[in-house]
Amino acid sequence: MTTPLQQLKSTSTAPIVRQLLDDPELSPVRCLYIHIPFCFHKCHYCDFYSLVDTRDRQQPFTDRLGQELAALAPLTQNQPLRTIFIGGGTPTLLQPALWTQLLRTLDDHFNLAAIHANDAEFSVECNPETASPELFDILRAGGVNRLSMGAQSFNPRHLKTLERWHDPKSVPRAVALAKTAGIERTSVDLIFAIPGQTLPEWDADLATALTLGTTHLSCYALTYEPNTAMTARLKRGDFTPTDDDLEADMYEHTVKRCADAGLDRYEVSNFAAPGHECAHNLAYWSQSSWLAAGPSASSHLLDPQGGGWRWKNQPRLDDYLHQNDNGHPRAIDLEPPDPSRLLSEQLMTAVRLREGIDLDQLLENTNEPTANAVRRVAADQLARGCLQESDSRLRPTDSGFLVADGLAREFLSVL
Amino acid sequence: MPIDREHIRNFSIIAHIDHGKSTLADRLLQATHAVSDREAKEQLLDSMDLERERGITIKASAVTVAHTADDGQEYMLNFIDTPGHVDFNYEVSRALKACEGAILVVDASQGVEAQTVVNALLAFSQDLEIIPVLNKIDLPGARPDEIAMEVEQVLGLAAEDCIPVSAKTGAGIPELLSAICKDFPPPRESLGDQTRALIFDAIYDDYRGVVTYVRVFDGRLKVGDKIRMMGLDRTFIITDLGKYTPKQTRVKELGPGETGYFVAAIKTLGDVRVGDTVTLDSNPATDPLAGYEAPRQMVFCDFYPATSDKKGNDFEDLREAMEKLQLNDSSFTFQPVHSEALGFGFRCGFLGLLHMDIAQQRLEREHNLEIVQTAPTVSYKVLVRGKGGISEEIEVHNPADLPDMGQVLEIREPICNVEIMVPNEYIGDIMKLCLDRRAVYKSQQVVGDTRQMLTFEVPLAEIIYDFYDKLKGLTSGYGTMDYEIALYRSDELVRIDILINNEPVEALALICHKDRSVQRGRVLLQRLRKQIDRHQFEIPLQAAIGGKIIARETIKAFRKDVTAKCYGGDMTRKRKLLEKQKKGKDRMKSIGSVNIPQQAFMAVLDTGDE
């Protein structure tokens, strides 16, 4: 829900986009995120405005989205997109006809040459229960070449704890349908450290996921986000959260089990066969520019003068449908470019990545005292065995991945 | 009201806490018509809220009333109220010094308690005439006959001399007043012309400065006299002389045997010493009255502001509050200290534990301050190797100040005489507790059919650690104890250093007996372990004597400190969260890269179960 305060602080981003377009130094934006806000049911842990019966809103939404996409497209300067990611919500709830419309809109306004040549990545988040040959054929025809399946668990008891209601058997079915449709790459999302879950139970989930033959796994430790039903239940004492040491055991087991199956950890919670990493997420984590369309979608646009713009589209569907400044909806949480903030963000994500960061390159334009302070923290963490250096890049070690937040805090404290 | 010396009676009321001392004083005032029934206000002699709340009298005051005895003769009765607690033992003894008699109040259902005994012993040592009074005889549980036997057994005062009273109903009050006139002796004659008056109390008044209470032994004091404090060797001019009846009443002079107050433009309590002798500057006495001692601080601890802003305002607020408190209470001392762990604060010395508690509460209540208090320690006398092989004695009341053990020849600690009054069934437990606490058994005495009085010598350091709590716990609250510091004795005392991540933490060091050091060190480390969060690395906690580790605990490194998700829309929130967490850590004290919350420094104070 948008609070009155957020309304007050909302702003049109049209002038910012215009200003960026006027800057001859602007590099073309090569990544795009689209947010589809529809869901099966109103999830307790979700703060988006969504309706169960969305049929009557899907059409206006798709039309409105088209206008926003058209307004954003000039920022790509007609260069081929490298990644598209359509998330939600439940994007696969969108009716097939509207998918056709959306994919056509993309083709109309963006250069999808690389995507159609399968040289670029086009991912869609998929609820396994919504998989159908018809939908997948439409997606494939529109260039989609990667599906991310929200499995979470294969254990009915744990699915219930998470308030997830899909049939676990729908996951292998959806993966098979994707293959049949010619969508070669699939990823499966899993959650561990669910209250009551044991290490063998988690191992069974992992084993099931790995037998699906997917080349990418996202394994998230259950996080108690503020203002969600899970957190409220935790505070009420309805269940005991997983013990810290067991969670750490589960995580270490995940890393090993995935590695044995040929999926290497390339980010704290993400594991992939070589070459199958999610390019779109890597764009987030390297603080590249990306466009974002749809309610609540967050953009990041590097400014040629240094630093990056961040904002988030109004999350309410109603607001999104009705606010329209030359195609742009109003945005909240606007952060103007700030090179020092960008440096923080880069370090904060680098400690979570296998590819790490080239510190010398990163600190090229940073003043001497700050650069030295960052180097001191890096040296400390190298000595402590949390970071390692190879190919002139600093990377987290196995133990560093486990304490990435601590590493990030150390870096942030000197910036 | 000119009354000859023969008809003056100076006396105190002494009692165990809650046995009804203040109520009895009020009732006596009422009976002598010093206050009307309408004016009668409970516990007239206690002036501070805090005292009334805790049922104790901290500061003595004196009230003078006229009373016509049964024989028709008029008497001047001077009530000298005493602080009941042994922390103020010296003040009690000075107040008693101003008296010829003492009323010993014993609760007729509770019986003789430890504090009754200690106070009675003080009165005996001053050669006072004692009238035992059994109070609260109106209560259903009263056993005046049995308790009278206890008084005879324990204190050697004839059971038949006990006067049963009820301060509440007034029963027995006329008999008590008769006994006061009949049994208490009059003040002795003046020994000469040279004035000598004993200061037995002083209070600070916002309008008049210091109001000093005196008992005149020899000569006279008059308004306008230039007086000399013999101990402090300072002179003042008396501007105001009077008595409380209990209304403040001015008089022109105070003669031999009389008590009253004077005001002499004295600005701080530091300029007046209880126990000092006042004489006239024009015709000074050669010798002061006997028995003057400077107040002795026996218990020390640090006070730090619980909050600290960068400008140090909290420290300045605390300093101001301490200075104000000292205006009212000259028996506590303070000096600024700096602790690596807790910042700027004050090292404070107190007469005892209760005194320390009262000071802390007054600072918090009257000055609205939040205070972090470190574990109390006693004052040790340490014999160290000095220059040229001559040993010298130094006083140490902060474990961190103890010189290197190689230099130390001997550590002597204050030892208390402790009286414990306990129901028979708990004797075994109490014996065990005392022996655990390095007590030396002295004697045992039967008190009535159900109780015994045990006398031990116990190191003060053990008493301030947890002795009283343990005694109360073991006896379901029935045991009572009282103590007075008797002597210094050397023992095998050692300094335990606490190391966190291999760095010694001064604020956590402690002095204790060698035989108890391993146990104490272990308990402290276990408490610390609970207070300090897991870090990125394993944290060893060690207790050491000299270089030798005697106990060890480990805080395991946390294994996982990473958020699962960090995507495009999470960046800002995540960054802000990490920055906030970092700031939270910065507020903690960091020693050897370990963040230590303030509560950890209180872990040494915790006297919970070991």
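Of the residues that make up region A:326-342, is at least one among the charged types (D, E, K, R) and more than 14 Å from chain B (Cβ to nearest Cβ)?
The answer is yes; a qualifying residue exists.
Tell me which of these A:G307 doesn't satisfy, since it passes every other one: (1) surrounded by fewer than 20 Cβ atoms within 10 Å (Cβ to Cβ); (2) more than 18 Å from B:V562 (Cα to Cα); (3) more than 14 Å from chain B (Cβ to nearest Cβ).
(3)
Only one of B:Y468, B:Y478 is open to solvent by 60 Å² or more (accessible area, probe 1.4 Å), within 24 Å of B:R296 (Cα to Cα) and in contact with a strand residue (DSSP E or B) (Cβ under 7 Å, 6 or more places away or on another chain); which?
After applying the criteria, what remains is B:Y468.
Among the strands (runs of 3 or more DSSP E) confined wholly to region A:264-312, which include 3 or more residues that are modelled with pLDDT of 95 or more and in the same structural domain as A:H35 (by TED's automatic domain parsing)?
The strands (runs of 3 or more DSSP E) meeting that bar are A:264-267, A:270-272.
Would you check if A:L212 is free of Cβ contacts under 8 Å to residues at least 40 places away in the same chain and surrounded by fewer than 21 Cβ atoms within 10 Å (Cβ to Cβ)?
On the way: free of Cβ contacts under 8 Å to residues at least 40 places away in the same chain: no; surrounded by fewer than 21 Cβ atoms within 10 Å (Cβ to Cβ): yes.
In short, no.
Which one of these does A:C258 not meet: (1) open to solvent by less than 20 Å² (accessible area, probe 1.4 Å); (2) more than 10 Å from every other protein chain (Cβ to nearest Cβ); (3) under 18 Å from the mean Cα position of the chain (by Cα)?
(3)
Would you check if A:L334 is surrounded by fewer than 20 Cβ atoms within 10 Å (Cβ to Cβ), aliphatic (A, V, I, L, M) and assigned to a strand (DSSP E or B)?
Numbers: surrounded by fewer than 20 Cβ atoms within 10 Å (Cβ to Cβ): yes; aliphatic (A, V, I, L, M): yes; assigned to a strand (DSSP E or B): yes.
Against the criterion (surrounded by fewer than 20 Cβ atoms within 10 Å (Cβ to Cβ), aliphatic (A, V, I, L, M) and assigned to a strand (DSSP E or B)), A:L334 qualifies.
Do we have A:E184 as open to solvent by 50 Å² or more (accessible area, probe 1.4 Å) and closer than 30 Å to A:R82 by Cβ here?
For A:E184, the condition - open to solvent by 50 Å² or more (accessible area, probe 1.4 Å) and closer than 30 Å to A:R82 by Cβ - is met.
All but one of (1) within 15 Å of B:L198 (Cα to Cα); (2) surrounded by fewer than 21 Cβ atoms within 10 Å (Cβ to Cβ); (3) not hydrophobic (A, V, I, L, M, F, W, C) hold for B:R215; state the number of the condition that does not hold.
(2)
Name, by its number, the condition in (1) surrounded by 15 or more Cβ atoms within 10 Å (Cβ to Cβ); (2) in contact with an Asp or Glu (Cβ under 7 Å, 6 or more places away or on another chain); (3) over 18 Å from B:K582 (Cβ atoms) that does not hold for A:V403.
(3)
Residue-wise test of (1) crowded, with 18+ Cβ neighbours inside 10 Å; (2) at pLDDT 95 or above.
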| position | (1), (2) |
| --- | --- |
| A:A70 | no, yes |
| A:H116 | no, yes |
| A:N127 | yes, no |
| A:L147 | yes, yes |
| A:G150 | yes, no |
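Checking the structure you have, find out if any residue of region A:375-391 is within 26 Å of the chain's Cα centre (by Cα) and either more than 27 Å from A:Q305 (Cβ to Cβ) or more than 14 Å from every other protein chain (Cβ to nearest Cβ) (or both). Outline the logic, then answer.
Applying the first criterion (within 26 Å of the chain's Cα centre (by Cα)) to region A:375-391 yields A:386-387.
From what's left, either more than 27 Å from A:Q305 (Cβ to Cβ) or more than 14 Å from every other protein chain (Cβ to nearest Cβ) (or both): A:386-387.
For region A:375-391, residues within 26 Å of the chain's Cα centre (by Cα) and either more than 27 Å from A:Q305 (Cβ to Cβ) or more than 14 Å from every other protein chain (Cβ to nearest Cβ) (or both): present.
Working only within region B:511-530, note down all residues that are open to solvent by 70 Å² or more (accessible area, probe 1.4 Å) and within 14 Å of B:A461 (Cβ to Cβ).
B:K514, B:D515 - these are the residues of region B:511-530 that are open to solvent by 70 Å² or more (accessible area, probe 1.4 Å) and within 14 Å of B:A461 (Cβ to Cβ).
Given the conditions (1) at pLDDT 90 or above; (2) under 23 Å from B:N119 (Cβ atoms); (3) under 30 Å from the mean Cα position of the chain (by Cα); (4) hydrophobic (A, V, I, L, M, F, W, C), which single one is not true for B:A197?
The single condition B:A197 does not satisfy is (2).
Collect the residues in region B:239-254 that are touching a residue at least 12 places away in the same chain (Cβ under 8 Å), assigned to a loop (DSSP other than H, G, I, E, B) and surrounded by fewer than 21 Cβ atoms within 10 Å (Cβ to Cβ), keeping them in residue-number order.
Hits for region B:239-254 are B:T239, B:T245, B:K252.
Considering every residue within region A:372-387, establish whether at least one is assigned to a loop (DSSP other than H, G, I, E, B) and open to solvent by less than 40 Å² (accessible area, probe 1.4 Å).
Checked region A:372-387: at least one residue is assigned to a loop (DSSP other than H, G, I, E, B) and open to solvent by less than 40 Å² (accessible area, probe 1.4 Å).
Just to be sure before I move on: is B:A306 of a type in the set (A, V, I, L, M, F, W, C), crowded, with 18+ Cβ neighbours inside 10 Å and touching a residue at least 12 places away in the same chain (Cβ under 8 Å) in the structure I sent?
no
Just to be sure I understand, how many residues within region A:211-247 are among the small types (G, A, S), within 12 Å of chain B (Cβ to nearest Cβ) and out of contact with any helix residue (DSSP H, G or I) (no Cβ under 7 Å at 6 or more places or on another chain)?
Going through region A:211-247 one residue at a time, the tally reaches 1.
Determine, yes or no, whether A:V414 is in contact (Cβ under 8 Å) with a residue 24 or more places away in the chain and assigned to a loop (DSSP other than H, G, I, E, B).
Spelling it out, A:V414 is indeed in contact (Cβ under 8 Å) with a residue 24 or more places away in the chain and assigned to a loop (DSSP other than H, G, I, E, B).
Considering only residues that are more than 11 Å from B:I131 (Cα to Cα) and in a helix (DSSP H, G or I), which ones fall in region B:161-176?
B:I173, B:P174, B:E175
Inside region B:366-379, can you point out the residues that are over 18 Å from the mean Cα position of the chain (by Cα) and surrounded by 16 or more Cβ atoms within 10 Å (Cβ to Cβ)?
Those that are over 18 Å from the mean Cα position of the chain (by Cα) and surrounded by 16 or more Cβ atoms within 10 Å (Cβ to Cβ): B:L369, B:I371, B:V372.
Just for helices (runs of 4 or more DSSP H) wholly inside region A:72-191: which have at least 1 residues that are among the small types (G, A, S) and touching a residue at least 12 places away in the same chain (Cβ under 8 Å)?
A:113-116, A:133-141, A:170-181
Quickly run through region A:267-295 and pick out the residues that are touching a helix residue (DSSP H, G or I) at 6+ places or on another chain (Cβ under 8 Å) and open to solvent by less than 10 Å² (accessible area, probe 1.4 Å).
A:E267, A:V268, A:N270, A:F271, A:W285, A:Q287, A:W290, A:L291, A:A292, A:A293, A:G294, A:P295
Report the residue count in region A:321-371 for those that are among the acidic types (D, E) and touching a Lys or Arg at 6+ places or on another chain (Cβ under 9 Å).
5
I'm trying to understand the selection: among the residues of region A:220-260, which are modelled with pLDDT of 85 or more and polar (S, T, N, Q)?
Across region A:220-260, the qualifying residues are A:T223, A:T231, A:T240, A:T242, A:T254.
Could you go through region B:549-570 and let me know if any residue there is at pLDDT below 90, among the hydrophobic types (A, V, I, L, M, F, W, C) and surrounded by fewer than 16 Cβ atoms within 10 Å (Cβ to Cβ).
Checked region B:549-570: at least one residue is at pLDDT below 90, among the hydrophobic types (A, V, I, L, M, F, W, C) and surrounded by fewer than 16 Cβ atoms within 10 Å (Cβ to Cβ).
Could you figure out which of (1) away from chain B (no Cβ under 14 Å); (2) among the hydrophobic types (A, V, I, L, M, F, W, C); (3) under 21 Å from A:F85 (Cβ atoms) isn't true of A:L321?
(3)
The values are calculated or read from the model by the stated rules, or taken from the named source; none is laboratory data. Small disclaimer: the values here were computed from a predicted structure and weren't measured. Cβ: placed from backbone, ideal geometry, glycine included. Neighbour counts: every protein chain shown. Ligands, DNA and RNA are stripped out before the accessible areas are found, and what is left, the full protein with its side chains, is counted by its heavy atoms. Shrake-Rupley method; radii C 1.70, N 1.55, O 1.52, S 1.80 Å.
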